[in-house]
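Note sheet for the following structure.
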Amino acid sequence: AELALIQSEKLAAVGRLASSISHEINNPLEAITNLFYLIDTSEGLPPEVAQYVRIAQGELSRVCQIATQTLRFHRQAVSATRVTAKDLVDAVLNLYHGRLLNSGIQVETDFTTSHPILCFENDIRQVLNNLIANAIDAMRQGGRLVVRAHEATDHSAEDHSRKGIRISIADTGHGMSPAVRARLFEPFYTTKELNGTGLGLWISSGIVDRHQGKLTLRSTDHPVHHGTVFALFLPCFEEVQQPLETSEG
Ligand code: ADP
């Protein structure tokens, strides 16, 4: 356990470093983006040059994506609020309504609890957002997305069990090999050649840790029964407790 703690402190330090670097490079990145736009829309550009500009813009937008995702990691609401799993999930599913339809993905939801969760709402939305986006990415040929929420107990704590809410996100996508499973929480680890940053799950696990929660998964790339289930456990805190720290900045 001590080793895990050192590891997570190291990751937190790396996160702070990454966050301040991306903050510094954000303004110049915006300037470069605008300049490329001006070049791209200027007249009389030789076709060959126009082609180079377009490639540069593509690479640039990737850098921008990495910078904003990293920044988001350390931006946090000032105080935690109470919100139901249904409200959290519905807000995220609404964002993906169009993409889900276009990809031929059936969505099913099942909420058997309306117990409010004390959390930093935007951060937990970000987690659900990452998990649902990954599920959609894994179902390019369509499939089923099932999101459930129910009351649950976490027995993995050493000296006690904790009550909380478990939100599960199941997809019938391509699943993953043991090699991918072993690395997917690492920063910058991605199997998506063009549009992945590899930050989604790393950021998500940081957010879940701050909520004293758990993010676990089962996945298989079996040729017939392939798919992935992520489970997000968030503990329920008593009214009197002040368990979640407020933001660092
Ligand atoms: P990104 O989505 O940018 O690649 P993530 O950290 O969110 O970064 O995910 C890392 C990798 O984990 C993905 O590239 C993918 O290989 C794998 N992965 C995550 N979620 C799923 C899923 N639902 N189904 C299959 N593979 C997944």
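Each reported figure results from applying straightforward, stated rules to the coordinates on display, with no laboratory input. Given the structure is predicted, the values throughout are model-derived calculations rather than measurements. Using ideal geometry, Cβ is built from the backbone for each residue, glycine included, and neighbour counts are taken over all protein chains shown.
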Can you compute the charge dipole magnitude of the chain about its Cα centre, using +1 on each Lys and Arg Cβ and -1 on each Asp and Glu Cβ, nothing else charged? Give it in debye, rounded to the nearest 20. 440
Part-to-part distance (alpha-carbon centres) for the range 154-213 and the range 89-132, which is given in Å: 16
Listing Ile136, Ile32, Ile169 by rising number of other beta-carbon atoms within 10 angstrom, fewest first, gives Ile32, Ile136, Ile169
Return the loop-located chymotrypsin sites (Phe, Trp or Tyr not before Pro) in the range 85-125 (DSSP other than H, G, I, E, B) with at most 15 other Cβ atoms within 10 Å of their own Cβ; answer none if there are none. none
Taking +1 at the Cβ of each Lys and Arg and -1 at the Cβ of each Asp and Glu, which of Gly206, Ile66, Leu101 sits farthest along the dipole of the chain towards its positive end, judged by Cα position relative to the Cα centre? Leu101
Honestly the range 193-232 on the Cα gyration tensor test (a ≥ b ≥ c root eigenvalues; a/c under 1.5 rounded, otherwise a/b vs b/c for prolate or oblate) is just oblate
On the Cα set of the chain, report Rg and Dmax in Å, please. 20.2, 72
In deg cm²/dmol, rounded to the nearest 500, the helical mean residue ellipticity at 222 nm of the chain, built from -39500 (n - 2.57) for every DSSP H run of length 4 or more, is -16000 deg cm²/dmol
Which of the DSSP-defined H helices in the chain satisfy a minimum axial length of 20 Å, computed from C-alpha atoms, and a minimum mean Kyte-Doolittle hydropathy of -0.5? 2-40, 47-74, 121-137
Exposure proxy check on Tyr189, Tyr37: fewest-to-most Cβ neighbours within 10 Å is Tyr37, Tyr189
Direction-averaged shadow area of the convex hull around the Cα atoms of the range 99-214, nm²? 8.3
Just flag the GluC sites (Glu not before Pro) in the range 107-188 sitting in loop per DSSP whose Cβ has no more than 16 other Cβ atoms within 10 Å. Glu158
If unit charges are put on Cβ atoms (+1 for Lys and Arg, -1 for Asp and Glu) and the dipole of the chain is taken about its Cα centre, the option from Ile32, Pro178, Val49 lying farthest towards the positive end turns out to be Pro178
